[in-house]
1. Can you name every residue in region 16-56 that is in contact with a Ser or Thr (Cβ under 8 Å, 6 or more places away or on another chain) and of a type in the set (Val, Ile, Thr)?
2. Which members of region 164-193 meet the condition of being within 18 Å of ARG137 (Cβ to Cβ), modelled with pLDDT of 75 or more and open to solvent by 50 Å² or more (accessible area, probe 1.4 Å)?
3. Grab the strands (runs of 3 or more DSSP E) fully contained in region 122-169, keeping just those with 1 or more residues being among the β-branched types (Val, Ile, Thr).
4. Being of a type outside the set (Ser, Thr, Tyr) and either free of Cβ contacts under 8 Å to residues at least 12 places away in the same chain or part of a loop (DSSP other than H, G, I, E, B) (or both) is the filter here; which residues of region 1-22 pass it?
5. Of all the residues that make up region 131-166, how many are under 29 Å from ASN179 (Cα atoms) and aliphatic (A, V, I, L, M)?
6. With the checklist (1) open to solvent by less than 70 Å² (accessible area, probe 1.4 Å); (2) modelled with pLDDT of 95 or more; (3) within 21 Å of THR131 (Cα to Cα); (4) of a type outside the set (Phe, Trp, Tyr) in hand, flag the one item VAL76 doesn't pass.
7. For region 109-127, enumerate the residues that are within 19 Å of GLY162 (Cβ to Cβ) and open to solvent by 40 Å² or more (accessible area, probe 1.4 Å).
8. Across region 42-66, what is the total count of residues that are surrounded by 14 or more Cβ atoms within 10 Å (Cβ to Cβ) and touching a residue at least 24 places away in the same chain (Cβ under 8 Å)?
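The values are calculated or read from the model by the stated rules, or taken from the named source; none is laboratory data. What you see is a predicted model; the values in this text were computed from it and never measured. No Cβ is skipped: glycine too gets one built from the backbone with ideal geometry, and neighbour counts run over all protein chains shown. Only protein heavy atoms, including side chains, enter the accessible area calculation; ligands, DNA and RNA are left aside. Shrake-Rupley method; radii C 1.70, N 1.55, O 1.52, S 1.80 Å.
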Amino acid sequence: MALALPGATGSLDAKVRLTGPTRTPRIGGAARVSDVVWDDLRAARFSLEADVDLAPAGQIVLSASGDDLGTESFAVDHATLEVVGSRDAHRLEFVAGPQKGDAGPAVMVAAKGGLDSGWTWRGTLAELVTTTPKAGRWSLASPTALRIAADSAGLERACLQGSGATGGRLCARGQWKANAAENAGSWSVTAEL
């Protein structure tokens with residue numbers, strides 16, 4: 001593991017294959033790590049399997065899962081990520097939280113969209129559900145547009161609706177633009193309760 005990440009401990013078993021044109025390669029392989037600690041990051045177990053064809057109509061299948069993932073200040077018991085579809089139209093689903101049957105914070109995010117010829121991802125944040133013991137369950141009221149590029153990102157107005165006794169509604173929209181001169185970026189966020 002220390003060869004891949006200097007200072008890291010644990011084990012890594014990975015096989016990667018790269019084929020096709022430089023600008024639109026096909027990347028495939030699998031990786032498994034266990035008992036990894038690097039700085040304050042840790043992963044008891046993590047696995048990834050991928051077959052990602054970045055050609056315009058190329059198919060994408062990516063599956064990742066992990067247990068006991070996090071840092072000293074934030075951790076999740078279990079997380080999964082699934083991406084399926086084509087480069088132009090795919091669905092992403094991320095779920096993180098406690099092991100089945102345990103209480104604790106949880107989050108589920110689903111998005112659908114695709115990469116355009118300029119490598120900008122455009123799509124929809126289709127679902128977002130978060131549950132915590134103190135705040136209860138909050139979910140995305142309706143799908144909202146999302147755009148992510150190397151030098152910018154944008155989220156149209158998105159509202160989370162609380163359920164149960166907590167109730168309430170929290171809405172926000174945001175934009176980010178990179179600023180190469182300052183090696184930073186500028187944010188613009190508007191929120192309403």
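1. VAL33, VAL36, VAL37
2. Once the filter is applied, which keeps residues that are within 18 Å of ARG137 (Cβ to Cβ), modelled with pLDDT of 75 or more and open to solvent by 50 Å² or more (accessible area, probe 1.4 Å), region 164-193 yields ARG169, LEU170.
3. Details: elements: 136-140, 144-148, 152-162.
Of the strands (runs of 3 or more DSSP E) lying wholly inside region 122-169, those with at least 1 residues that are among the β-branched types (Val, Ile, Thr) span 144-148.
4. Start the filter on region 1-22 by keeping residues that are of a type outside the set (Ser, Thr, Tyr), which leaves 1-8, 10, 12-18, 20-21.
Matches in region 1-22: MET1, ALA2, LEU3, ALA4, LEU5, PRO6, GLY7, ALA8, LEU18, GLY20, PRO21.
5. Within region 131-166, residues that are under 29 Å from ASN179 (Cα atoms) and aliphatic (A, V, I, L, M) number 8.
6. (2)
7. Let us first name the residues in region 109-127 that are within 19 Å of GLY162 (Cβ to Cβ), namely 109, 125, 127.
Of everything in region 109-127, just one residue is within 19 Å of GLY162 (Cβ to Cβ) and open to solvent by 40 Å² or more (accessible area, probe 1.4 Å), namely GLU127.
8. Our first condition is that a residue be surrounded by 14 or more Cβ atoms within 10 Å (Cβ to Cβ); within region 42-66, this holds for 42-55, 58-66.
Within this subset, residues satisfying the condition of being touching a residue at least 24 places away in the same chain (Cβ under 8 Å) are 42-44, 51-55, 58-60.
Count: 11.
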